[in-house]
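The values are calculated or read from the model by the stated rules, or taken from the named source; none is laboratory data. Because the structure is predicted, anything quoted here is derived from the model rather than measured. Cβ placement follows ideal geometry from the backbone for every residue including glycine, while neighbour counts extend to all protein chains displayed. The protein model used for the area step is the full one, side chains on, heavy atoms only, and it has no ligands, DNA or RNA in it. Shrake-Rupley method; radii C 1.70, N 1.55, O 1.52, S 1.80 Å.
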Amino acid sequence: MDNGLTLDTICGDALEEMKQMTSQSVDLIVTDPPYNLSKDYGTTADNLDFDAYLDFTRQWLREGRRILKDDGTIYVFMGVRYIAYMYMIMEQELGLVFNSWITWYYTQGIGKTKGFSPRHDDILMFTKSNHFNFYLDPIRIPQKYYRRRNNMRGANPGNVWAFSHVHYSNKNRQMHPTQKPEALFERMILASSKEGDTVLDPFVGSGTTLRVCQQTSRNGIGIDANHPYIDMTRQRLKQPFDGFDSMDRRLTRVPNDLNDKDVRQAYIQNHIQWFLTNHADALATFITAVKDKYAHKMDKEEMKKLDDLEVKNNGNRISAT
Ligand SMILES: C[S@@+](CC[C@H](N)C(=O)[O-])C[C@H]1O[C@@H](n2cnc3c(N)ncnc32)[C@H](O)[C@@H]1O
């Protein structure tokens, strides 16, 4: 990238590649490994014996722990079949520190006729030690009423994250069987790293993690054993950017009590700068919501400011003037 940051794409086995990496060289690991549910990824088998799968999990997590800096964080996606075992490995065997069990709730998925249709995957967040960074401001969720103490940005998003799968009609949809929404990775990366940090995804798939690193100014390292997915990732990183493929809809919420003109104007500027930077699509929705709620309170000058709010697609970013 021309900002001095790097995005490395490595085709190889996660464990073997991680073994080559320097200890304590990575700030954050965010990854979505194969769930051992017989998905067809190409050359890698996704149907190991129970014990063999746990051993594979144990080994790559051990390398992950070694590579992580002492103040680093790791987020791992997992389905219900193995997540309890993975939790045990992370906490009891590797001595990682549990922080959060996040549920990714999706409204659509496969149907079951005997039993309940699955509607969530989960993400385990552990840290390497008790000294870790967590950046709440960039991931806050606007509330019904703004709070000055929250810098007007809203509250903690909680540990249930609702996003639908990336639909086939989505312009960012890749030909990958388990592509995840960018907004999931955006939240984890913004919460647990800062610009210039290094993020590793040893099972990068279609490149979602690296795309988010690219747009949020992190260094990224992505590994995948299947060459077509590494090619896919490289292509994806070359595509022009006009917003992430998903967004928490609550971000276009406008609080009910922006009655003071100065507070309202500051809120709008803040909101665009903090939350809508990588969501060009959402800006118009937000401005409409502001007008619906507050047009009757605005004087000519304020209305004009809003009308003039210039959306600049400045490189990959939008900004308000
Ligand atoms: C669940 S997918 C990741 C999907 C990704 N999060 C995305 O949004 O596109 C898991 C990936 O791990 C890769 N994989 C499987 N076994 C691997 C191994 N031993 N080493 C590296 N990659 C592997 C598969 O090719 C697959 O692309």
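Considering every residue within region 189-202, establish whether at least one is acidic (D, E), closer than 30 Å to N270 by Cβ and within 12 Å of the ligand (Cβ to nearest atom).
No: zero hits.
Residue-by-condition table, conditions (1) within 9 Å of the ligand (Cβ to nearest atom); (2) at positive phi; (3) in contact (Cβ under 8 Å) with a residue 40 or more places away in the chain:
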residue	(1), (2), (3)
T22	no, no, yes
T31	yes, no, yes
D40	no, no, yes
T43	yes, no, yes
L48	no, no, no
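Within region 24-42, identify whether any single residue is over 26 Å from H227 (Cβ atoms), in contact with a Phe, Trp or Tyr (Cβ under 6 Å, 6 or more places away or on another chain) and surrounded by 13 or more Cβ atoms within 10 Å (Cβ to Cβ), and answer yes or no.
No, the conditions are met nowhere in region 24-42.
Please verify whether region 50-64 includes one or more residues that are within 24 Å of P181 (Cβ to Cβ) and open to solvent by 30 Å² or more (accessible area, probe 1.4 Å).
Taking every residue of region 50-64 in turn, none turns out to be within 24 Å of P181 (Cβ to Cβ) and open to solvent by 30 Å² or more (accessible area, probe 1.4 Å).
May I ask you to verify whether G158 is at pLDDT 95 or above and touching a Gly at 6+ places or on another chain (Cβ under 8 Å)?
In short, no.
Could you please give the count of residues in region 5-20 that are touching a helix residue (DSSP H, G or I) at 6+ places or on another chain (Cβ under 7 Å) and either open to solvent by less than 20 Å² (accessible area, probe 1.4 Å) or within 13 Å of the ligand (Cβ to nearest atom) (or both)?
Counting residues in region 5-20 that are touching a helix residue (DSSP H, G or I) at 6+ places or on another chain (Cβ under 7 Å) and either open to solvent by less than 20 Å² (accessible area, probe 1.4 Å) or within 13 Å of the ligand (Cβ to nearest atom) (or both) gives 7.
What number of residues within region 65-78 are under 18 Å from A14 (Cβ atoms) and either open to solvent by 30 Å² or more (accessible area, probe 1.4 Å) or within 14 Å of the ligand (Cβ to nearest atom) (or both)?
Adding up the residues that qualify gives 6.
Within the set of pairs 6+ apart or on separate chains, which have a first residue in region 183-212 that is closer than 23 Å to D71 by Cβ and free of Cβ contacts under 8 Å to residues at least 40 places away in the same chain, a second that is part of a helix (DSSP H, G or I) and away from the ligand (no atom under 16 Å from the Cβ), and C-beta atoms under 9 Å apart?
Matching pairs, first to second residue: V212/L190.
Yes/no matrix, rows are residues, columns are (1) farther than 22 Å from Q24 by Cα; (2) of a type in the set (S, T, N, Q); (3) surrounded by fewer than 21 Cβ atoms within 10 Å (Cβ to Cβ):
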site: N156; (1), (2), (3): yes, yes, yes
site: A162; (1), (2), (3): yes, no, yes
site: E182; (1), (2), (3): yes, no, no
site: M188; (1), (2), (3): no, no, no
site: G196; (1), (2), (3): no, no, yes
site: R218; (1), (2), (3): no, no, no
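Restricting attention to region 180-196, does a residue exist that is assigned to a helix (DSSP H, G or I), more than 24 Å from D122 (Cα to Cα) and touching a helix residue (DSSP H, G or I) at 6+ places or on another chain (Cβ under 7 Å)?
So far as region 180-196 goes, no, none of its residues is assigned to a helix (DSSP H, G or I), more than 24 Å from D122 (Cα to Cα) and touching a helix residue (DSSP H, G or I) at 6+ places or on another chain (Cβ under 7 Å).
Looking at R218, R264, R211, R249, which one is charged (D, E, K, R) and over 16 Å from the mean Cα position of the chain (by Cα)?
Exactly one residue qualifies, and that residue is R264.
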